[in-house]
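Down below is the structure, laid out as structure tokens.
The values are calculated or read from the model by the stated rules, or taken from the named source; none is laboratory data. Just so it is clear, the structure is predicted and the values come from calculations on it, not from any experiment. Here the Cβ is made from the backbone with ideal geometry for all residues, glycine too, and neighbour counts use every protein chain on show.
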Amino acid sequence: MAVDNELTRSCYWWVTVDKIAKFAEDLRKLRAAAGSPSYRSLERVAHYSRTTLAQAAAGRVLPSLPVTLAFVAACGGDTVEWERRWRSVSVALRAEGATVAGPWPPEPVADGADPEAAGCGHDAVTVHARKIALIGRRNIVGQVELRYSPGMHAAWGRFEGFSGLDHMAHRRRVEVLVAVARDSDGAQMSYRDDYWFDYHWSSVLCTGTGQLWALASVLFDGETVAAGQTDRFQLA
């Protein structure tokens with residue numbers, strides 16, 4: 001019986017891999033039919049990072065429906081047909097008992113871990129959020145959020161860009177710096193990268209030893225043009 005169960009799990013695994021691989025292969029064919037645009041150019045249209053779009057076509061996991069439809073629309077495909085296909089594959093995977101793995105290798109929960117890789121996303125909540133405007137102006141470009149996983153006792157900073165920032169990013173280089181800080185020991189985890197029309201987040205800091213807060217800055221051509229931070233909270 002144990003051998004039969006193992007063979008069944010193995011068969012399910014291969015069927016799952018095949019379905020995801022075929023779905024991704026067809027996404028790559030769609031991109032090729034559109035003239036093989038670069039992922040950098042696709043992200044400007046799809047409003048998802050080039051990393052997210054590349055992972056969608058890599059075939060390791062089934063991409064989410066919003067990412068799939070954004071990819072298809074950016075390549076001029078039929079979103080109605082692709083939504084039907086996605087739902088069909090998703091239902092089949094659930095029926096096979098498949099789970100969707102994250103794109104990052106797993107990490108233990110500790111200062112400096114990636115929140116997704118450390119499994120903090122399943123119960124994450126936004127403790128506080130604050131909108132960020134251009135310095136000296138009323139143009140809101142995004143918001144900074146303090147994210148918290150009660151089960152993992154970890155917090156991190158996250159930045160969400162708004163549509164106005166998306167438009168600006170088409171005309172100049174835009175970077176985002178997002179961080180989380182802890183007052184008990186002065187620890188801070190920050191991450192800075194080109195704005196990718198998607199969420200940006202920092203690594204985590206463990207909670208329970210002082211107040212924490214999130215910070216974010218937006219830079220145009222290397223110069224800070226907007227900055228803000230959340231309120232401070234004592235988190236368990």
Just give me the residues in the stretch 115-162 being under 22 Å from D193 (Cα atoms) and of a type in the set (D, E, K, R), in sequence order.
E116, R130, K131, E145, R147, R158, E160
What do you reckon, is R137 modelled with pLDDT of 80 or more, loosely packed, with under 14 Cβ neighbours inside 10 Å and in the same structural domain as T224 (by TED's automatic domain parsing)?
yes
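Could you look through the stretch 111-123, keep only residues that are at pLDDT below 95 and in a loop (DSSP other than H, G, I, E, B), and pick out the one that is surrounded by the most Cβ atoms within 10 Å (Cβ to Cβ)? Break it down stepwise before answering.
Taking the stretch 111-123 first, the residues at pLDDT below 95 are 112-123.
From what is left, the residues that are in a loop (DSSP other than H, G, I, E, B) are 112-119.
On the way: G112: 13, A113: 23, D114: 18, P115: 26, E116: 18, A117: 18, A118: 21, G119: 18.
That would be P115.
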Which numbered condition in (1) under 25 Å from R44 (Cβ atoms); (2) out of contact with any Asp or Glu (no Cβ under 9 Å at 6 or more places or on another chain) is the only one that H122 fails?
(1)
Taking L212 and the conditions (1) in contact (Cβ under 8 Å) with a residue 60 or more places away in the chain; (2) of a type outside the set (D, E); (3) buried (at least 22 other Cβ atoms within 10 Å of the Cβ); (4) under 17 Å from E116 (Cβ atoms), which numbered condition does it fall short on, given that it satisfies the others?
(4)
Take the stretch 1-21 and flag every residue that is surrounded by 17 or more Cβ atoms within 10 Å (Cβ to Cβ) and at pLDDT below 80.
T16
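In the stretch 22-79, which helices (runs of 4 or more DSSP H) lie fully inside it and hold 2 or more residues that are closer than 17 Å to A169 by Cβ and modelled with pLDDT of 85 or more? Reasoning before the result, please.
On the way: elements: 39-46, 50-56, 65-74.
Hits in the stretch 22-79: 39-46, 65-74.
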Of (1) in contact with a strand residue (DSSP E or B) (Cβ under 8 Å, 6 or more places away or on another chain); (2) at pLDDT 85 or above, P108 satisfies every one except (1)
Could you say which residue among G164, G157, G186 is modelled with pLDDT of 95 or more, out of contact with any Gly (no Cβ under 8 Å at 6 or more places or on another chain) and loosely packed, with under 15 Cβ neighbours inside 10 Å?
G186
